[in-house]
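Colleague: Starting off with a structure, shown below.
The values are calculated or read from the model by the stated rules, or taken from the named source; none is laboratory data. In this text the structure is predicted, and so the values were computed from the model without any measurement. Glycine gets a Cβ as well: all are built from the backbone with ideal geometry, and neighbour counts include every protein chain shown. All accessible areas refer to the heavy atoms of the entire protein, side chains included, with ligands and DNA or RNA removed. Shrake-Rupley method; radii C 1.70, N 1.55, O 1.52, S 1.80 Å.
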Amino acid sequence: MILPDSSELELPDGATGLDAARAIGPKLAEQAVLVRSNGAVRDVRLPLQDGERIQILTTRDKDDPDALAVLRHSSAHLLAEAVRRLYPGVKIAIGPPIENGFYYDFEFPEPIGEGDLERIEAEIRRELEEGRSWERQEVSRDEAKRYFAEQGEEYKVELVDAADGEITFYDQDGQFTDLCRGPHLQDSRPIKAIKLTGLAGAYWRGDERNKQLTRIYGTAFYAREDLERHLRRLDEAKRRDHRRIGPQLDLFHFEDVAPGMPLWHPKGMALWHALEDLRRAENARRGYLEVRTPLMWDTEVWKRSGHWEKYRDALFLVPHGETTFGLKPMNCPGHMLLFASRLRSYRELPLRYAEAASLHRDEPTGTLHGLLRVRQLTQDDAHVFCTEEQVQDEIDAMFDYVGFLYDRFGVRELAHAELATRPENKLGSDEQWDHTEGLLRTALERQGIPYRVMEGEGAFYGPKIDLFMDDAMGRPWQMGTIQLDGQQPARLGCAYVGPDNREHTPYVIHRALFGSLERFLGILIEHYGGAFPLWLAPVQVRVIPVGSEHREPAAAIVRELGEHGFRADVDDRDETVGKRIRDAELEKVPKVVVYGDRESRETLAVRDRGGERSTQSVDDLLAELRAAGTRA
């Protein structure tokens, strides 16, 4: 074996990760939780291969994502054991580790509620006090099916039928046995802190045609203080959750009759227009041409482009006569057909098409998540048709553009990048992919942008640079993308005449910088906690007249601010001034003007969000609003 310091460790054939740990030292063996080898992780009980480069993770690696995942996986099994003991007749489904925790899905004989979580958690703590160890067992498929059929565990029988490769059980001291590939802890001693965090409904295997199960979420850590820190973060995340803030601030809401499709309110549209107006202005300044293409296409288009095989399940299909149409989940085939509508000259390149159209993707019900994962979305989409020599300049210009946007909205520090390389279902040769991947890698390195490589995660037509941002819970969401395509243009007939008077196929750079406007706004809402900067706020100024005689001058100020393009309203309800000020604070309005007997156009009593007070004229207020827009 080759260790992280490049030293070699001699072991007998068939030695396991635990054997390797013992050979190094008894303390390491006691604390070992996982083996990492060539970027993959495995159970410490599994045999090693000759010449492998290995790293043994221990309880001291308490912040390592893989070490946390194995701890949480074992915690999920403790949850399943506790639920089976407390609720006779319950059926168990699956229980994996996830980002920031774990879950397990159950079919309960009777519904349970949030109040039941404390009882279940107490049972898990009892298990931890007793102690549990995990034993890995290889069994035949028939044995596994017979075992779970005798237990009445129909979901496990179905999982055995669907499983590839060997079938393995993990047994917890005879108290609970589960179908599982692992990895797992040696025993439960490393689990120092565990918390059940919530309930949700989840369809079996993510298919809404199947039975809805009860999903119990939880989290676990190697140290109590890490759990406490996480719970504080959870509280802050709940406070910033865009799904709570959106309806509270009258920005948007969802209806059961249109799942995954937000209804935008006027105040939400103010945010939307801020993105759209900026997109259009910058696109014009940077040489993009706005186009519009059909909302749906004959499915033959998706087959020609290569999307049908990969995206068929995500398409909303619309039968019409003898033809079946698909609502478009992306714009690229339409833009390529637009380019291919006539033979182009190299003098027209680069040709930059932009379109912010409604797209539709049939995301599984269980994956929908407010604005961050929807079924109807709008991308700030663009496709740049160019020669190979123009690729690097165009990508550099896109990085300049995305940097401008992220700075404008104050979210640059949230962004991180990934380079996604060739997938198994790629179009084109390895030589072509070597070339296009190299172009993107060079662009990232020339820009000095840190990134990690995601092997096999590229689009079927080309490698891509994906830009991610974290939500309030620290979960990463893909935002912008820059994708280099050397495959689809030829499939859809794109060609230009070069200076050699011969036809050539252009490269196409697919790019979306906000990503979807819905997701970008969801991240913005959580980033600011609804307290948007002055230039972006849906209501920038609220004027509160003290008495009925002050309503007309207050309304006149609002009209004047509106005439200059600023968003202002008047709150002339028959409520106390204090109540109306408090409501403006709850709505996170940046500036509140209280207008009474002592106020005039030259002397306004202005309250800033946060409590600072000042006296300003209308002209002073207009100047501040203009400056905020300029600085943004």
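Colleague: May I ask which residue of 546, 525, 562 lies farthest towards the positive end of the charge dipole of the stretch 513-592, with charges of +1 (Lys, Arg) and -1 (Asp, Glu) on Cβ and the Cα centre as origin?
Modeller: 525
Colleague: Between (1) 30.0; (2) 32.8; (3) 36.2, which matches mean projected area of the Cα convex hull in nm² calculated for the structure shown?
Modeller: Entry (3).
Colleague: Here's a follow-up. For residue 415 and residue 435, what is the calculated FRET efficiency with R₀ set at 35 Å and r taken between the beta-carbons, to the nearest 0.05? If you can, show how the numbers build up before the last one.
Modeller: Working: r = 27 Å, r/R0 = 0.77.
The calculated FRET efficiency here is 0.85.
Colleague: Label-point separation (nm) for residue 265 and residue 235, each offset 7 Å from Cα along Cα-to-Cβ?
Modeller: With each label point 7 Å from Cα toward Cβ, the separation is 2.7 nm.
Colleague: Can you compute 3J(HN,Hα) from phi for each residue in the stretch 559-576, using the Karplus curve 6.51 cos²θ - 1.76 cosθ + 1.60 with θ = phi - 60°, rounded to whole Hz and x for Gly and Pro?
Modeller: 4, 5, 5, x, 4, 8, x, 9, 9, 9, 9, 10, 10, 10, 5, 7, 10, 5
Colleague: Could you run the Karplus curve 6.51 cos²θ - 1.76 cosθ + 1.60 with θ = phi - 60° over the stretch 267-274 and give me ³J(HN,Hα) per residue in whole Hz, x for Gly and Pro?
Modeller: 5, x, 5, 5, 5, 4, 5, 4
Colleague: At a probe size of 1.4 Å, how large is the accessible area of residue 112, to the nearest 10 Å²?
Modeller: Residue 112 has an accessible surface of roughly 30 Å² with all protein chains in place.
Colleague: As a test question: what accessible area, to the nearest 10 Å², does residue 369 have when a 1.4 Å probe is rolled over all protein chains in place?
Modeller: Taking all protein chains as shown, residue 369 has close to 30 Å².
Colleague: Continuing with the same structure: Out of residues 5 or more away from residue 181 or on other chains, whose amide H comes under 5 Å of its own, with H placed 1.01 Å from N in the peptide plane?
Modeller: none
Colleague: Something else now. Using the heavy atoms of the protein chains and a 1.4 angstrom probe, tell me the accessible area per residue for the stretch 119-270 in square angstrom.
Modeller: Each residue of the stretch 119-270 exposes 52 Å² on average to a 1.4 Å probe.
Colleague: While we're here: Taking all protein chains together and a probe of 1.4 Å, list 441, 224 from the most accessible to the least accessible. Walk me through the numbers before you get to the answer.
Modeller: Values: 441 80, 224 115 Å².
If we order 441, 224 from most to least accessible, we get 224, 441.
Colleague: Between the stretch 186-203 and the stretch 150-177, how far is it from one alpha carbon centroid to the other, in angstrom?
Modeller: Distance between centres, Cα-based: 20 Å.
Colleague: Okay, moving on. Leaving out ligands and nucleic acids, note down the accessible area per residue over the stretch 323-457 with a 1.4 angstrom probe, in whole Å².
Modeller: So the stretch 323-457 comes to 42 Å² accessible per residue, rounded to a whole number.
Colleague: Another question about this same structure. Over the chain, what percent of the accessible surface lies on carbon and sulfur atoms, probe 1.4 Å?
Modeller: C and S fraction of accessible area: 47 percent.
Colleague: Name the residues of the stretch 1-31 whose amide N is less than 14 Å from a point 7 angstrom out from the Cα of residue 53 along the C-beta direction?
Modeller: Within reach of a label on residue 53, which here means backbone N under 14 Å from a point 7 Å along Cα→Cβ, the stretch 1-31 contributes 1-8.
Colleague: Let me ask something else. In whole Hz and in residue order, list the ³J(HN,Hα) couplings for the stretch 162-171 that follow from phi through the Karplus curve 6.51 cos²θ - 1.76 cosθ + 1.60, θ = phi - 60°; x for Gly and Pro.
Modeller: Running phi through 6.51 cos²θ - 1.76 cosθ + 1.60 with θ = phi - 60° gives 8, 6, 9, x, 5, 9, 10, 10, 10, 9 Hz.
Colleague: Treating the angle as unsigned and between 0 and 90°, give the value, to the nearest 10°, between the Cα long axis of helix 391-408 and the longest Cα principal axis of the chain.
Modeller: Helix 391-408 sits roughly 70 degrees off the main axis of the chain.
Colleague: What is the magnitude of the charge dipole of the stretch 450-541 about its Cα centre, with +1 placed on the Cβ of each Lys and Arg, -1 on the Cβ of each Asp and Glu, and no other charges, expressed in debye to the nearest 20?
Modeller: Working: 7 positive and 10 negative charges, 21 e Å.
So the magnitude is around 100 debye.
Colleague: Another question about this same structure. To the nearest 20 debye, what charge dipole does the chain have about its Cα centre, counting +1 at the Cβ of each Lys and Arg and -1 at the Cβ of each Asp and Glu?
Modeller: Charge dipole of the chain: 1220 debye, to the nearest 20.
Colleague: Ignoring ligands, DNA and RNA, how do 296, 473 rank by accessible area with a 1.4 Å probe, largest first?
Modeller: 296, 473
Colleague: Quick one: length gained pulling residue 30 to residue 161 fully straight, 0.36 nm per residue minus the C-alpha distance?
Modeller: 43.6 nm
Colleague: With a 1.4 Å probe and all protein chains kept in place, how do 561, 86 rank by accessible area, largest first? List each step's numbers first, then the result.
Modeller: On the way: 561 0, 86 35 Å².
If we order 561, 86 from most to least accessible, we get 86, 561.
Colleague: With a 1.4 Å probe and all protein chains left in place, how much accessible area per residue does the stretch 3-86 have, in Å²?
Modeller: 47 Å²
Colleague: Further question: List every residue whose amide H lies under 5 Å from the amide H of residue 213, counting only residues 5 or more places away in sequence or on a different chain, with H placed 1.01 Å from N in the peptide plane.
Modeller: Placed amide hydrogens put 202, 203, 204 under 5 Å from residue 213.
Colleague: If amide hydrogens are placed 1.01 Å from N in the peptide plane, which non-local residues have theirs closer than 5 Å to the one on residue 362?
Modeller: 315, 316
Colleague: If you don't mind, another one. How much accessible surface does residue 92 have with a 1.4 Å probe, in Å² rounded to 10?
Modeller: Approximately 0 Å² for this residue.
Colleague: Let me ask you something else. Would you mind checking the tilt of helix 141-151 against the longest principal axis of the Cα atoms of the chain, expressed as 0 to 90 degrees and rounded to 10?
Modeller: Around 80 degrees separate the two axes.
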